[in-house]
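Participant: Attaching a single structure in structure tokens format; questions to follow.
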Amino acid sequence: MRTRSLLIVGGITLYAIVVRLFFGVRDLQGFFAVLSLSFLFCLPAIIGLITVYFFGNSDKIHNWTYCFFIPWVPIGSFMLLTLLTGLEGWACWLIILVPMLITASLGGLLGGYLKTRQHNRTHVLTLLLLPFLVSPIESQFATPANTYRAYTCIDINAPADVIWRNVTRVRAIPEAQDKGWLTRFLGFPRPVEALLNYEGVGAYREARFTNGLVFHETVTDYVDKRKMVFSIKAYPHEIPAATLDEHIVIGGRYFDVLTGTYELEKRGPTTYRLHLYSQFVLHTRINAYASWWATQIMQDIQNNILQVEKLRSETNS
């Protein structure tokens, strides 16, 4: 019985790996994509259904808790294998894990229902083809492109000219000053420095991060000691392959940062509020969900930079 269970879980995991490999073939990305409803929802639902249908005995399939949670076993083994083989990165899995687990659980409940109704096994097995049939249909519909804004601010007790000097040009940031807990947890590059050739419209600013990530910024609006707006461009070909997961690479197929804005607001005799917000765009079919994660990541990066600028301005260092 134990050997049979291991074979079932192993077979389902192998099926998931095959689907992932197939959906990752670049020449087929016009019809198949990993960040699609077919892969993120259809695949885990099938995994959950097949797991309960073939794994559960007549006693267990009447237990909804069992049907809900047992599909997490092959999902977990699928996740582990993709991490070990480098098919997916930790950050990408953290983002997609919750919807995949929930969808797998719903599939498990359906699998339990089908087994109680004694549906034909061959008919159930044909459902394994569903992701391959649904994805080409899904690809005929345009992927939505939505723009979002990540807003952050911090209060600084320092003269405006000192604050602005630390805003326009950010000197090398030692690792000890890095407070970006979320990006560090996800393994994202951390900010290193920002260089500006001059202060004014048309100026070029280069924001450098670890692992070769560079934001190329052009100032589009400038009011000295009050406001600086800049366009942002990251070129995927400049970013080393190991820096970011291919599905969340900046400037890539799914995610790009558009603009950044600094605004300095006087709040008291010696206190200023420094605002920093950015605009970014998502090209996925799960924008409503992915935008929450993207906003958290952008806010973490921005809060990290704001804290460095506050520290240096208040200590005049």
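The values are calculated or read from the model by the stated rules, or taken from the named source; none is laboratory data. The shown structure was predicted, so the numbers you read here are calculated from the model rather than taken from an experiment. Cβ coordinates were reconstructed from backbone atoms using ideal geometry, including for glycine residues, and neighbour counts include every protein chain displayed. Side chains are part of the model used for accessible areas, which takes the heavy atoms of the whole protein and leaves out ligands, DNA and RNA. Shrake-Rupley method; radii C 1.70, N 1.55, O 1.52, S 1.80 Å.
Participant: Which one is farthest from L21 (Cα to Cα), of the residues in region 54-95 that are open to solvent by less than 20 Å² (accessible area, probe 1.4 Å) and at pLDDT 90 or above?
Facilitator: C67
Participant: Condition first: at positive phi and surrounded by fewer than 19 Cβ atoms within 10 Å (Cβ to Cβ). Can you find one or more residues in region 120-143 that meet it?
Facilitator: Within region 120-143 (the criterion being at positive phi and surrounded by fewer than 19 Cβ atoms within 10 Å (Cβ to Cβ)), the answer is no, since none of the residues qualifies.
Every residue, every condition in (1) at negative phi; (2) touching a residue at least 12 places away in the same chain (Cβ under 8 Å); (3) of a type in the set (A, V, I, L, M, F, W, C), yes or no:
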residue	(1), (2), (3)
Y53	yes, yes, no
H62	yes, yes, no
T65	yes, no, no
I75	yes, yes, yes
L84	yes, no, yes
I102	yes, no, yes
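Participant: So which of Y148, Y113 is among the hydroxyl-bearing types (S, T, Y), open to solvent by 20 Å² or more (accessible area, probe 1.4 Å) and closer than 21 Å to S291 by Cα?
Facilitator: Y148
Participant: If you scan region 16-53, which residues turn out to be modelled with pLDDT of 90 or more, open to solvent by 40 Å² or more (accessible area, probe 1.4 Å) and not β-branched (V, I, T)?
Facilitator: Selection gives F41 alone.
Participant: Taking region 188-232 only, how many residues are open to solvent by 40 Å² or more (accessible area, probe 1.4 Å), in contact with a helix residue (DSSP H, G or I) (Cβ under 6 Å, 6 or more places away or on another chain) and closer than 20 Å to F280 by Cβ?
Facilitator: 1
Participant: May I pose another question? Out of the residues in region 260-293 that are open to solvent by 10 Å² or more (accessible area, probe 1.4 Å) and small (G, A, S), state the one that is nearest to R165 (Cα to Cα).
Facilitator: G268
Participant: Here's a follow-up. Among (1) in contact (Cβ under 8 Å) with a residue 40 or more places away in the chain; (2) surrounded by fewer than 18 Cβ atoms within 10 Å (Cβ to Cβ); (3) farther than 20 Å from K266 by Cα, there is one condition G180 misses while meeting the rest; what is its number?
Facilitator: (2)
Participant: With the checklist (1) within 22 Å of V229 (Cα to Cα); (2) modelled with pLDDT under 95; (3) in contact with an Asp or Glu (Cβ under 9 Å, 6 or more places away or on another chain) in hand, flag the one item V201 doesn't pass.
Facilitator: For V201, the exception is condition (2).
Participant: Okay, next question. T147 - would you say it is within 20 Å of G260 (Cα to Cα), of a type in the set (S, T, Y) and touching a helix residue (DSSP H, G or I) at 6+ places or on another chain (Cβ under 7 Å)?
Facilitator: no
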